[in-house]
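A quick write-up on the structure given underneath.
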Amino acid sequence: MSSDALTIDTPMGEILEALPGARRALFARYHLGGCQSCGFPPEESLSALAKRAGDLDAREMLAHLLEAHEHDRAMLLTPAEAKAALDSDTPPLLVDTRTREEHEAVAIPGSEFMTEDLQQRLFAGDPQRAILLYDHTGRHVLDHCSWFQGHGLKHTRALEGGIDAWSQTIDSSLRRYRLEID
């Protein structure tokens with residue numbers, strides 16, 4: 001579903017599909033969706049969630065989600081944009097935020113696996129350094145990107161669609177896979 005088609009009566013599952021950062025935005029502003037006590041089922045509409053959460057203004061909530069989505073879009077690079085950046089004279093550091101098992105099974109060539117040590121070195125290093133993060137399908141990478149930007153690494157971007165999109169559009173030699181939890 002397109003973000004333009006969302007209404008206050010759209011089920012939360014569809015909103016989360018159209019706006020990958022919606023859960024983070026709801027939690028940050030309204031403390032909704034981040035824990036079991038404030039969670040919501042995928043079939044609950046935004047208007048029902050707003051009512052249940054204390055008669056919040058569902059239209060204002062939707063406007064906030066759409067605004068947050070535009071902010072998120074600014075952090076994303078399409079696979080083609082990422083390829084151009086990586087092929088440039090000043091390529092970003094390419095960092096894989098997936099599990100070690102996923103990284104060892106298939107990774108974008110030249111990427112480094114995210115470890116706590118690497119993260120600490122980056123946070124303590126040059127805040128102007130360009131960094132490109134990726135995950136499996138792009139569903140979680142915005143959280144990592146926001147975390148990095150929040151720690152002063154403002155030139156951190158995220159690969160839209162993750163390694164799955166990369167393997168479909170840039171490097172078909174990379175094996176695709178599916179996770180049951182993704």
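Quick note: the coordinates plus some simple rules give every number you see, no bench work behind them. In this text the structure is predicted, and so the values were computed from the model without any measurement. Counting neighbours? That spans all protein chains shown, and the Cβs are built from the backbone with ideal geometry, glycine included.
General remarks:
- Residue-count net charge about PHE40 - beta-carbon cut-off 15 Å; Lys, Arg +1, Asp, Glu -1: 0
- Antiparallel bridge percentage (DSSP; both residues within the chain; nearest 5): 10 percent
- Inter-centroid distance (Cα atoms) of segment 3-18 relative to segment 132-151, Å: 22 Å
- Distance (nanometres) between label positions extended 7 Å along Cα→Cβ at GLU180 and ARG100: 2.3 nm
- The HN-Hα couplings worked out from phi for segment 37-49 by the Karplus form 6.51 cos²θ - 1.76 cosθ + 1.60 (θ = phi - 60°) are 6, 10, x, 8, x, x, 8, 6, 6, 4, 5, 5, 4 Hz, whole numbers, x standing for Gly and Pro.
- Dipole magnitude of segment 50-92, debye to nearest 20 (Cβ charges: Lys/Arg +1, Asp/Glu -1, about Cα centre): 240 debye
- Rounded to the nearest 20, the Cβ-based charge dipole of the chain about its Cα centre (Lys and Arg +1, Asp and Glu -1) stands at 240 debye.
- Cleavage-rule hits (GluC sites (Glu not before Pro)) in segment 102-182: DSSP loop, at most 10 neighbouring Cβ within 10 angstrom: GLU180
- Only one residue of ALA82, GLY54, THR99 has its Cα farthest out toward the positive end of the dipole of the chain, where Lys and Arg carry +1 and Asp and Glu -1 on Cβ, and that residue is GLY54.
- Segment 78-169 pair-distance distribution - Cα-Cα, 5 Å bins, rounded %: 3, 15, 27, 28, 19, 8, 1
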